[in-house]
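Working notes for the structure below.
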Amino acid sequence: MKKIYNIIWKDTILRFSSLSELLFFLILPLIFTFILAGGTGTQNADNRIRLLVVDQAQSPLSAQIIAELAKSATVRPDVLTLSKAESEFQARNASVLLVIPADCDSQTLRTAAIVLDLRQMPDNLNAQAAQRAVQAVLYRLGSAVSIAKNAVTEAEKLRSFASELDRQAYFDTALASAQSLMNSAPDRENVVMGGTIDPIQYDPRANSSAGQMITWVFIPLIGISGAFAYERQRGTLRRLLTSPTGKGTYLLGTILGNVLWSLVQMTLLVSFGALILKVHWANNPAALAVMMTTSALAAAALGTMLGTFVKTEAQASGLSIMLGMVMALLGGCWYPLELFPAVVQNLVKVLPTTWAMQGMLDILLRGQGVIGILPVAGVLLAFAAVFFVIGILRFKYE
Amino acid sequence: MKAILEVKQLVKKYGDFTAVDGISFDIMEGEIFSLLGPNGAGKTTTISMLSTLYIPTSGEAVIGGHSVTKEPMAVRNLIGVVPQDLALYEDLTARENLAFWGQMYGLSGKTLNARIEQVLEQIGLVDKAKDRVKTYSGGMKRRVNIGVGLLHKPKLLFMDEPTVGIDPQSRRLILDSVKELNKQGMTVLYTTHYMEEAEELSDRVGIMDNGKLIALGTQAELTKQVGEMETLILHVGENDDPERLAVALRSLKMVRKADVTDHTVSVIVPEAEQALAPAVTRANELGIKIHSVDMREPNLEAVFLHLTGKALRD
C-alpha cells in the first residue's frame with residue numbers, strides 16, 4: 001500500500017511540476033464550459049430569419065399578410081418604418097426587407113394586382129429562404145383572393161349589385177369565407193414518428209457542464225498511455241521492475257493516482273456547474289458519484305490499453321488529445337447527439353463517452369437515481385474491464 | 001569465501017539470434033567482478049537476466065540462494081542495479097528521486113532519511129540535493145543514477161557500464177566510489193568495455209564476446225594466457241593503409257599477431273622494444289608514416305586480442 005501511495009505521490013509531483021498542467025486541468029475546462037453554456041442558445045429561442053417589414057398600407061389586408069408571415073416557421077416579421085428598416089438592411093442586420101405599398105387593400109385587390117417590394121441581400125441563403133416563405137404566404141392569400149373574385153363574378157351573373165359598396169362587401173365576405181375554409185382544410189399528410197420521443201428539452205448549461213467535464217477528464221485519463229511511454233523511454237520502468245515492486249503494484253499506483261485526480265477535477269467542474277451555471281448537479285449525489293467513478297475507470301482503462309500500443313510519450317500525447325476530442329464530439333459532449341443522423345447516433349454507442357454523457361444527462365435532466373443509471377454504469381464498467389484486460393495482458397516494460 | 005552469485009549455462013535467445021550463449025561463472029561475496037567485452041557482447045543482456053528483467057531461455061542463476069526465475073522478489077531484495085542509461089525522474093530533485101526509489105526498495109522513516117543523507121554525501125551532491133535533476137550536468141546525473149542503486153545497501157550491486165559518456169572527473173569519482181563500496185563489503189558485478197577500468201577495479205574478470213564467456217580469472221591468470229607477450233601499438237596516418245602494414249609485420253619472425261583497429265596496428269611480440277626498429281623499417285619501406293608508438297606490457301587488451309583476433313574497441 002505504501003508503494004502505491006508512493007507512486008501516486010511521484011506521479012502527482014511530475015504532473016504538476018509544470019504550471020501549464022493547470023491550464024488543462026482547470027482553466028480550459030472552465031472557459032469552455034462557460035462559453036458553451038451560453039453560446040449554444042436555448043430550445044425556446046426564436047431562430048427564424050428576421051424579415052424587415054414596412055407597412056405603408058396599414059390596411060386590414062396588410063395586417064393579414066403580416067399575421068400570416070408571423071405564423072411562418074421560416075421568417076420572423078419585424079415591422080418598422082421605411083427609414084428604420086432601410087437603415088437596418090443597409091447595416092446588414094437583416095438579409096431581407098418587405099415593403100407593403102400604400103395601395104395594398106382589398107379594394108385595389110379586387111380590381112388590380114398589387115406589387116409588393118421584396119429586397120434581398122445578394123447570394124444570401126437566408127434571404128432566399130425568406131423569399132420562399134413570403135411567396136408561400138402570398139400564394140395562400142392569392143388563392144383566397146382568386147376564389148373571392150370568382151365568387152363576385154358568379155354572383156353578378158345571377159343578379160347585379162346595387163352599388164360598388166355592395167360589390168366590395170360581397171368580395172370581402174367571400175374572401176373571408178375562402179380564407180376560413182382554407183385554414184380549416186384537413187391535413188392530407190399523415191406523419192407517423194417511430195420510437196419514444198424524449199420529452200426532455202435541451203438545456204445548454206447542463207449539456208455544457210456535463211460534456212466539458214467528460215471531455216477534459218477523458219483526455220488526461222487516456223493520457224495514462226503517455227505515463228507508461230514516459231517511464232519506458234526514461235528507463236525508470238525497467239529500473240522499477242528490478243526493485244521489489246511487482247508489475248501489479250506499479251499499474252495500480254499509476255492508474256489509481258490518475259483516477260483519483262480525475263475525480264478531484266470532476267468535483268471542481270461539477271461545483272462550477274452547480275454554483276455558477278446553476279446546473280442541478282445535486283439532484284442525486286450518489287448517482288453522480290457512481291457515474292463519475294465508472295466514467296473515470298473506463299477512460300483510465302482505455303489509456304492503459306493504448307499505453308501498450310504507443311512507443312513514445314509524444315505519440316501518446318497526440319493520440320490522447322485527438323482521441324479524447326473526437327470521442328467527446330461524437331459522444332455528444334459538445335453538441336446534442338440528436339443533431340447527428342440516426343445511423344451515427346447508433347454507431348457512437350461503441351464509445352464510452354456516449355454512455356458517460358448519457359448517464360450524466362440522465363441524472364441532470366431526467367432526474368434518474370442510482371437504480372436508473374445502473375445500466376449505463378454497467379456498460380462503462382464493461383468497457384473498463386475489456387480495456388484493462390487487454391492493457392494488462394499486453395503490458396511491457398520496454 | 002561463499003558464492004553470492006552462481007550462473008550455470010545461462011542462455012538468452014531472440015529467435016535465431018543468441019545474445020547470451022551458455023555462460024557460467026560464480027561471484028564470491030565481497031568481490032568486484034568485471035564482465036569485459038565490446039558493445040554487443042551480451043553483458044547488458046546478462047545483467048538483465050540476473051536482475052530478473054529477462055527470463056533466460058535456458059540455464060539458471062542463483063543469487064544469495066534464490067533462483068532469479070523462481071524467486072524474483074527475493075532476488076530483487078538482495079540486488080541493486082545501476083543501469084547503463086540514466087533511469088531517473090528529471091523533473092524531481094535528487095532528494096525526491098532518492099526518496100522515491102528508497103521507498104520502492106522498502107525503506108521508510110528515519111532509516112530512509114538517514115540513507116538519503118549518506119548517499120548524497122557519497123555521491124557529492126549534498127549542496128545540489130534540492131535542484132531538479134534536469135538542471136544537472138551529465139556527470140552529476142550519473143552520480144544520482146548510481147546513488148539510487150546504493151540506497152538500500154544491496155548485497156550485490158550490478159553496475160552496467162556506469163562511466164559511458166561522462167567527464168574524467170565524474171569517472172574518477174565513480175571508480176573510487178566502487179572501490180569504497182567494496183571496502184565496505186559490497187559485492188559488485190561491473191560491466192565495461194574499458195580495459196583500464198576492469199584492470200583497476202576487478203578482483204576477477206570475465207571476458208565476453210559474441211554472447212560467450214571466453215575467459216575468466218584474475219588479471220594475472222588471464223595475462224598468462226598470452227604468455228610473456230608485450231603489445232606494440234603503431235598509430236599511422238589517416239591516408240595510410242594500416243592493413244598493408246599489418247600484413248608486412250606478420251611476416252616478421254618475432255611477431256605473434258598483428259591486428260588493425262581504425263588507424264592503429266596492434267602487434268603482439270615477446271619484447272616490444274626490440275620489435276620497434278624492424279616495424280618502423282617495414283613502415284618506411286611501404287611509405288607509411290608512423291605518427292606515434294605505444295608499448296604495453298601484457299594486459300587484458302592483449303588477452304582479448306589473443307583470444308578473439310580483434311581489438312576490444314572493435
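A compact table of results
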| item | result |
| --- | --- |
| Percent of alpha-carbon pairs separated by more than 35 Å within chain B | 30 percent |
| Sum of -39500 (n - 2.57) over DSSP H runs of 4+, divided by residues of chain A (222 nm, nearest 500) | -21000 deg cm²/dmol |
| Set of lysines with alpha-carbon distance to B:K257 below 24 Å, sequence-local pairs under 8 removed | B:K212, B:K224, B:K289, B:K310 |
| Hull-based mean projected area of region B:91-170, where the convex hull spans the alpha carbons, in square nanometres | 5.3 nm² |
| Partner chain coverage, peptide B:95-107 - average Cβ within 10 angstrom | 4 |
| Estimated inter-spin distance, A:E189 and B:I55, nm [label 7 Å along Cα→Cβ] | 6.8 nm |
| Gyration tensor over alpha-carbon atoms, chain A, equivalent ellipsoid semi-axes in Å | 66, 21, 17 |
| Reachable lysines from B:K128, criterion Cα separation under 16 angstrom, eight or more residues apart if same chain | B:K141 |
| Other protein chain Cβ atoms within 10 Å, averaged over every residue that makes up B:72-84 | 3 |
| Helix-only mean residue ellipticity at 222 nm for chain B, each DSSP H run of n ≥ 4 adding -39500 (n - 2.57), per residue, nearest 500 | -11000 deg cm²/dmol |
| Label-point separation in nm, A:L165 to B:E200, each point 7 Å along Cα→Cβ | 12.8 nm |
| Kirkwood Rh, angstrom, region A:203-394 [1 / mean 1/r, Cα pairs] | 17.0 Å |
| Kirkwood Rh in Å, taken over region A:73-223 so that all alpha-carbon pairs contribute | 20.7 Å |
| Cα-projected label distance for A:R140 with A:L158, points at 7 Å along beta-carbon direction, nm | 2.9 nm |
| Average silhouette area of region A:54-120, convex hull of alpha-carbon atoms, in square nanometres | 4.5 nm² |
| Test item: A:3-10 mean partner chain Cβ contacts at 10 Å | 4 |
| Length added when fully stretched, A:T312-A:I392, from 0.36 nm per residue minus Cα-Cα | 27.0 nm |
| Stokes-Einstein translational diffusion, the protein assembly as shown - Kirkwood Rh over all Cα pairs, 0.692 mPa s, 37 °C, in µm²/s | 99 µm²/s |
| Inter-part distance where region B:287-310 and region A:321-398 are each reduced to a Cα centre, Å | 69 Å |
| Listed pairs A:K10/B:K134; A:K247/A:K349; A:K247/B:K12; B:K153/B:K179 exceeding 24 Å between Cα atoms | A:K247/A:K349 |
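Quick note: the coordinates plus some simple rules give every number you see, no bench work behind them. Since the model is a prediction, treat every value here as computed from it, not as a measurement. As a convention, Cβ positions derive from the backbone with ideal geometry for all residues, glycine included, and neighbour counts pool all protein chains shown.
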